[in-house]
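Visitor: Below is a structure I'd like to ask you about.
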Amino acid sequence: MTTTPTTNSAPGGATVLDVRASRRSLVGGCVGNFIEWYEFGVYGYFATVIAGAFFATSGAGDLEALVKTYASFAIAFFFRPVGAWLFGRVGDRVGRRPTLVLVLLLMALGTALIGVLPTRATVGAAAPVLLTLVRILQGLSAGGEFGGAVSLMTEHAPAGRRGLYGSWQSFTVALGLLGGAGTAAILAVVLSDQQLHAWGWRVPFLLALPFGAAALWVRLKVEETPVFRAATAEEDVAEEDTALRATEGDAAPEAPTSTGVAILLGILRLMGWAAAGYTFLVVMPSYLQVSLGTSFRESLIAGVIANVGFAASILPAGALSDRVGRKPLMVTGAALIAVLALPMLNLLQAPGTSTGTKFLVVFVAGAIVGLMAGPGPAMLAEMFHTTVRYTGLGVSYSLANAVFAGSAGLIITEVIKRTGNADIPAWYVIATCVVSALACLGLRADDHRRALPR
């Protein structure tokens with residue numbers, strides 16, 4: 001005999017089973033994000049080491065090898081929109097849960113493969129080609145992660161907590177980057193430079209195997225979202241009705257779609273977050289080393305501190321957006337970065353600036369980016385209908401990141417190389433954040449109170 005939990009309710013009228021399903025979806029969405037951004041963080045923090053192992057050639061300078069490393073980094077990002085579209089179509093038709101399981105398997109495999117690749121010293125010019133192919137696999141799988149994870153989290157979220165639930169996606173981005181930075185920093189401390197360059201850099205990538213196994217166990221326990229199940233049922237009924245009308249000679253015209261417009265708006269609203277996030281949280285350690293002469297260990301510590309600031313503001317910002325709306329926080333975060341980016345960078349560049357002040361600067365920079373990253377996922381989810389949400393979320397997010405984040409290291413390093421202007425990182429994020437602030441002004445003030453579009 002079975003019983004129903006009708007009398008055992010959580011606040012807001014949701015049953016205990018509903019609450020448990022919501023929490024499982026939260027954890028299930030988070031684990032894949034952690035692995036994805038852990039790997040991208042590790043790749044960014046070990047960029048100078050990877051450059052020497054895979055891209056350095058006789059007669060070429062360190063900066064040229066670093067540019068090639070970031071080019072491989074950018075290539076992976078440009079395959080993310082392809083993966084977002086492919087996995088998004090599957091996720092919008094088959095379901096969020098099975099698609100996210102497949103994405104996770106590919107992601108963990110791709111990350112672990114980097115840890116066993118032969119270097120240029122072993123196989124010559126084939127080494128950077130193999131690395132780039134693995135990065136492409138990672139780009140495809142990572143492209144399918146964001147749309148599914150945010151759909152899972154926001155569609156399972158209790159009423160009035162969509163911003164908080166969505167912000168966990170960004171929070172686990174911070175945790176992943178922190179995990180990558182922390183692992184890199186620990187290895188830099190316990191290993192000699194020779195050991196680090198010889199084999200130590202492989203360890204963080206190989207850790208993706210146990211991480212992936214644990215994440216798969218969690219994700220297999222997640223239930224499909226009730227929003228998706230309801231939308232699928234409604235779509236089936238609508239298709240049957242359309243077929244019946246067609247047999248009667250009364251087929252209804254196809255409704256116009258605004259998905260393309262929503263994707264474009266999503267890109268504009270995310271570009272500042274993407275550019276500032278990668279510039280301050282991932283590219284900064286290599287910039288400090290190559291352009292400002294900071295030691296490898298100190299630059300990694302700065303990367304960790306920036307990500308601590310980022311993580312500290314994300315969940316409060318997401319929760320606050322459930323009270324005041326997404327618009328005020330998105331606009332404020334973009335505007336603050338646009339105003340403060342150059343002064344903060346100049347503080348880092350000044351010879352008399354103490355190490356403590358530099359660490360405070362990168363902490364504040366990370367915290368401001370978190371103001372956009374907190375409400376950002378929920379803001380995007382509220383822009384798309386259920387039957388295209390996985391695809392719309394994934395494509396807009398991955399295109400914004402491909403153009404303005406994945407290319408950040410390549411653009412900044414190459415322009416500095418050509419111009420000698422050390423202020424390029426600041427001008428880059430200023431330009432993108434101004435555009436995002438203007439695009440976010442068009443957000444409706446009450447989106448956080450509305451139900452997700454069906």
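Visitor: Which of Val364, Ser141, Pro453 sits farthest toward the positive end of the charge dipole of the chain, with +1 on the Cβ of Lys and Arg and -1 on the Cβ of Asp and Glu?
Guide: Val364
Visitor: Over the heavy atoms of Thr419, what accessible area does a 1.4 Å probe trace out, to the nearest 10 Å²?
Guide: The value for Thr419 is about 90 Å².
Visitor: Among Pro128, Gly166, Gly110, which residue has its Cα positioned farthest towards the positive end of the charge dipole of the stretch 70-180, with +1 placed on the Cβ of Lys and Arg, -1 on the Cβ of Asp and Glu, and the dipole taken about the Cα centre?
Guide: Gly166
Visitor: Using only the alpha carbons of the chain, what is the convex hull's orientation-averaged projected area in square nanometres?
Guide: 24.9
Visitor: Okay, moving on. Roll a 1.4 angstrom probe over the protein heavy atoms and tell me the percent of accessible area of the chain that is carbon or sulfur.
Guide: So the carbon and sulfur contribution to the accessible surface is 67 percent.
Visitor: From the Cα trace of the stretch 275-411, what convex hull volume per residue do you get, rounded to a whole Å³?
Guide: Per residue, the Cα convex hull of the stretch 275-411 comes to 104 Å³.
Visitor: Now for a separate question. Restricting to DSSP H runs of at least four residues, report the calculated mean residue ellipticity at 222 nm for the chain, -39500 (n - 2.57) per run over all residues, nearest 500 deg cm²/dmol.
Guide: On the way: 21 runs with 339 residues, N = 454.
Calculated from helices alone, the mean residue ellipticity at 222 nm is -25000 deg cm²/dmol.
Visitor: What ranking do 293-301, 119-127 get when scored by the average of other Cβ atoms within 10 Å per residue, highest first?
Guide: Ranked from most to least packed, the peptides come out as 293-301, 119-127.
Visitor: Which value, in Å², gives the accessible area per residue of the stretch 97-233 when a 1.4 Å probe is used on the protein heavy atoms?
Guide: For the stretch 97-233, the solvent-accessible area averages 37 Å² per residue.
Visitor: Given the protein chains as shown and a 1.4 Å probe, how many square angstrom of Thr332 are accessible, to the nearest 10?
Guide: 70
Visitor: Which value, in debye to the nearest 20, describes the size of the charge dipole of the chain about its Cα centre when Lys and Arg Cβ atoms bear +1, Asp and Glu Cβ atoms bear -1, and nothing else is charged?
Guide: Roughly 800 debye, rounded to the nearest 20.
Visitor: Calculate, in nm to one decimal, what Leu220 and Leu133 gain on full extension: separation in residues at 0.36 nm each, minus their alpha carbon distance.
Guide: Between Leu220 and Leu133, full extension yields an extra 28.5 nm.
Visitor: For the stretch 412-454, what does the accessible surface come to per residue with a 1.4 Å probe? Please give it in Å². Before the final figure, lay out the partial values.
Guide: Details: 2260 Å² over 43 residues.
Value returned for the stretch 412-454: 53 Å² of accessible area per residue.
Visitor: Would you be so kind as to identify all helices of the chain, as entire DSSP H runs, whose Cα atoms reach 18 Å or more along the helix's own axis and whose mean Kyte-Doolittle hydropathy is at least 0.5?
Guide: Working: long enough: 16-45 (42 Å, 0.24); 62-78 (24 Å, 1.07); 80-93 (19 Å, -0.28); 96-114 (28 Å, 1.72); 126-143 (26 Å, 1.41); 162-190 (42 Å, 1.11); 226-247 (32 Å, -0.36); 259-278 (27 Å, 1.43); 296-324 (42 Å, 1.01); 326-349 (34 Å, 1.28); 355-373 (27 Å, 1.86); 386-404 (27 Å, 0.61); 424-440 (24 Å, 1.90).
Span-like helices in the chain: 62-78, 96-114, 126-143, 162-190, 259-278, 296-324, 326-349, 355-373, 386-404, 424-440.
Visitor: Hey, what's the stretch 296-339 come to in accessible area per residue, 1.4 Å probe, Å²?
Guide: So the stretch 296-339 comes to 35 Å² accessible per residue, rounded to a whole number.
The values are calculated or read from the model by the stated rules, or taken from the named source; none is laboratory data. Because the structure is a prediction, the values reported are computed rather than measured. Using ideal geometry, Cβ is built from the backbone for each residue, glycine included, and neighbour counts are taken over all protein chains shown. Protein only, heavy atoms only, side chains kept; ligands, DNA and RNA dropped before computing areas. Shrake-Rupley method; radii C 1.70, N 1.55, O 1.52, S 1.80 Å.
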